[in-house]
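The values are calculated or read from the model by the stated rules, or taken from the named source; none is laboratory data. Since the model is a prediction, treat every value here as computed from it, not as a measurement. Quick reminder, even Gly has a Cβ in these numbers, built from the backbone with ideal geometry, and neighbours come from all protein chains shown.
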Amino acid sequence: MIKLKQCPCGKYPIQLEIEMKDSKYALTYGSCCNEWHIEFKTHYNPEGCNDLYNLAVQAWNEAQRDERIS
């Protein structure tokens, strides 16, 4: 199971949702509130691909958060 960092809303998302912008970029957001979006490069992976989800998780976990959120 992939560990996701806490969302700024204070909850831990169970999974990430992905919204394709085009073939190069997508947005990801947590299932907890759908308010905090992170843009990431898709590396041209198609929607539904495991590699795309892994890129979304990486972008989510590496995104800078307020210091009060660990």
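Odds and ends about this structure:
Yes or no, residue by residue, for (1) under 8 Å from the mean Cα position of the chain (by Cα); (2) free of Cβ contacts under 8 Å to residues at least 24 places away in the same chain:
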{"position": "2", "(1), (2)": "no, no"}
{"position": "5", "(1), (2)": "no, no"}
{"position": "8", "(1), (2)": "no, no"}
{"position": "17", "(1), (2)": "yes, yes"}
{"position": "24", "(1), (2)": "no, yes"}
{"position": "27", "(1), (2)": "yes, yes"}
{"position": "33", "(1), (2)": "no, no"}
{"position": "56", "(1), (2)": "yes, no"}
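- Any hit, the range 35-43, residues being farther than 15 Å from residue 63 by Cα, modelled with pLDDT of 95 or more and either of a type in the set (Phe, Trp, Tyr) or surrounded by fewer than 14 Cβ atoms within 10 Å (Cβ to Cβ) (or both): yes
- Per-region count, the range 16-31, residues of a type outside the set (Val, Ile, Thr) and closer than 18 Å to residue 62 by Cβ: 7
- The set of residues in the range 32-53 being closer than 11 Å to residue 16 by Cβ and of a type in the set (S, T, N, Q) consists of 34 alone.
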